[in-house]
1. Using the alpha-carbon centroid of each, what span in Å lies between segment A:194-223 and segment A:281-344?
2. Could you state the per residue volume, in Å³, of the convex hull enclosing the Cα atoms of segment B:1-141?
3. Can you give the angle from 0 to 90° between the axis of helix B:175-185 and the longest principal axis of chain B, with both taken from C-alpha atoms, to the nearest 10?
4. In debye to the nearest 20, how big a dipole does the protein assembly as shown give about its Cα centre with +1 on each Lys and Arg Cβ and -1 on each Asp and Glu Cβ?
5. Could you tell me the distance between the Cα centroids of segment B:47-61 and segment A:231-267, to the nearest Å?
6. Can you pull out the GluC sites (Glu not before Pro) in segment A:165-259 whose DSSP state is coil and whose Cβ has at most 15 other Cβ atoms within 10 Å?
7. How many angstrom lie between the Cα centre of segment A:58-122 and the Cα centre of segment B:106-141?
8. Relative to the first principal axis of the alpha-carbon coordinates of chain A, what is the inclination of helix A:313-332, with its axis defined by its Cα atoms, in degrees from 0 to 90 and to the nearest 10?
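Nothing in this text is a laboratory measurement; each read-out follows from the coordinates by a stated rule. Predicted model, so just to flag it, every value in this text is computed and none were measured. Note that we place each Cβ from the backbone using ideal geometry, even for glycine, and neighbour counts take in every protein chain shown.
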Amino acid sequence: MTATPSPTVSGTHLKLRPPEQVMRLSRMGAFYPTRLSFMRKLIRRLSREQAVVSRPVWEIDADGYGRAVYSVPLGGDVYSLVAFSTPLAPEHRSDRVIAEAWDTTYVLYDGVPTSRDLDRLAKNVPRQEAGRFARTELVLCRANKSVRLFEHVVERLSHGRQPDAETIRRIGYLLRTTAVYGNGKFGIADRSRIEMRPALRGAFQAEMLAVWLVRGFTHDLVEHIARERGGSHAVPLQAAVKRHIGVGNATGLGMAPFLISHPTLLHNWMLERETALAMVRAERRAAPETIDRFRTLLGRAGQHLGEWTTNDAIQASRIHDVRQELKDAAALATSAWLAEPFPWNRLVTHAERWSLECQELLVALILEPHGHLIDDIAQHWSNAQTPQIAPGTTLRQLNRHIAQQFAWALAIDFEAPEASHYFWYVSEDKQEPRLGDRRNEAGADQEMPLDVARQIQALAQALKTSDPDETTATFLIRRPDLRYVVRRVQTAVRHPYSEVQDNLISADCRPIDLLRCKLAQFGASKFDPKSDRWTRITLFQGAPTFDTIQGSDADDWCFPILDQGYETVTQ
Amino acid sequence: MKPSLNEINVVVRKAAVGVGWPYGVGEDVGRAAAWLVAQGHDGVGAAIAAIQPGASVARCEPKADGWTFLHARVAAVGLSAFELLAIDPSRRVVLRNVDHPLLLIGLAGIAAVDNGGAYMLTGCSTGRVTERINVSANHATFACAKLAGETVSIERSIPSNHAPLETQAVAVVDDAVWRQALTLAARKYVPGSETSRAHGAGAGLTDND
């Protein structure tokens, strides 16, 4: 599919929300996971294939330390999670990327590892970045315990009781991943090695598979320790709470530049989402069952918001507002109202008076009952292209492209100090991205090229003194310093959703908005910001477990809530 | 050392930028190095040798049948030679006094990947053809690039029918060369400070919760 913003379906011209509306940090920072998220796609495939997870190795001692292997066939290949659980003193427990030890560490292995492989991995996996890996390893990750919940669950299960419902709702995970690496990092397999496999062709499918398997390991781990402690008194996790326990994650600045450094990938993700939304909005009538489903999900989303807790004042305020707005949406979107023509378009239009959080929540809800229409939109799209120069373009055309695609950048006043308050750089500590205060910290001379808007202005200035009929090719021979930004401009012409249309070095830039956009694309929920630079989230909460992935409700887990019936069980 | 192709791409790009090359040039050199390694050649060594400090802007003159780069510093010429041919595939680009021909082959490789075509690199010394190398997106056969210091002309050609090489071949990079690449890349890293550690994500917070 070509990267045009107005595809057609069955001859109907679809109207997508334009990039200038969608690609703003404030909106991207309000995205919710949809049924098109990477996790949802993985679970649908696992369910479709009736995947069976086996556990060929379980060498875990009574205290929960040792190693384990889980294997699952998917798309004709077998993948194995190799897990290591090691003692960790509290003073060494850190979610920061500079940590050097973790409660648990993992690789996703291509195939089933032999004993020799396990011994090699045992020497390297617990060291994470300090180890070296082979192309048989597809994903490298680690996770720390949620100290709050882990011991509580073990203690309860060992005494024959289920965990406290309120604690489960409030925290929602036993372990929290702090990094999930793929695509060749530290010697693991390049994505090019696996991207043509049907199961792993989609973005981040290997990573999502690894995290889903980690989740299953966390369930087994607490049940194992509880059994060791409680003997015959111990009980397993009840099905409802097991399903409600996801995997936590702590994500910081390290992820933020990804969206900037992968413009065509970002465009593809946004185009799929916006195309799906446009297709649903173009539906003239909603079937009664679709209306019923939507209204059920509205109620569930409201309850889900009630279980979403955070100490971050900004996010807490947003949750408070969206809870009220969702009630307004439910009052508006009655069955009768939705039965009128173009219900989804009317709802999206009406929602523009509400907060961005509510608007994007409704986008997710509107998409949810329309899987038959949208799930396979991107199935035959080609993988994201490497951005390229269009050498024959004249500078006159390049100027026009800048005016059309980057008016937002040209409008910024970089004379104002706050417009260049920050600089992005790579730290010496762990070669991870950081954000510095230009006027109070050293290192701005090593700035990463995330100052796209400022570079656009520099390019525009250079073009003013150039022959408009000159080609881009000859221009770049004499101005190689502008090659990066010219490539971005020309990429944006064919990939209009490829650029974040905000100044990323401005004093009011909130990197967490970039994080939330990407994490929502993963399928993450329960965003719990700890600052404007990092957040905790929950992954796979509500998703089918190893023993329920073959069930008929495997795709029904958006906006998860802990079953009310669970309260009765724990009393 | 057995880095992944992605590691090679990233480290070589950072090394180029660390030496002082523009970021966009670094991106191309990184990709070219990874392409060469995937084909079984010393792409990292070629890139590191080619990006050493020196003139970074190429001089190009239009000619009747194409363009000529004088004193062709390959890293400075970069993908420009191939971009000129993209404008008019019937012409040719001549590079005089090529300094690092192996990197030039790598750049031809990624240009072929990007546009689905192929390039014929013809070496010429004192009017005599010394070597011809046909570069497709996933194939280039040559014993060694005997083109250093010579004139190389580049023309569009027909992609070869060879089956793609195993692009997952385990890349082996000389340890000393890799260390050199890492050292150059590290020039762009910023040392931590009290301020940066205090402002870092998660600073001052406990994770024992």
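1. Measuring centre to centre over Cα atoms gives 30 Å.
2. Normalising the Cα hull of segment B:1-141 by residue number yields 108 Å³.
3. 70 degrees
4. For the protein assembly as shown, the charge dipole is close to 940 debye.
5. Here the two parts' Cα centres lie 46 Å apart.
6. A:GLU195
7. 45 Å
8. Approximately 90 degrees, to the nearest ten.
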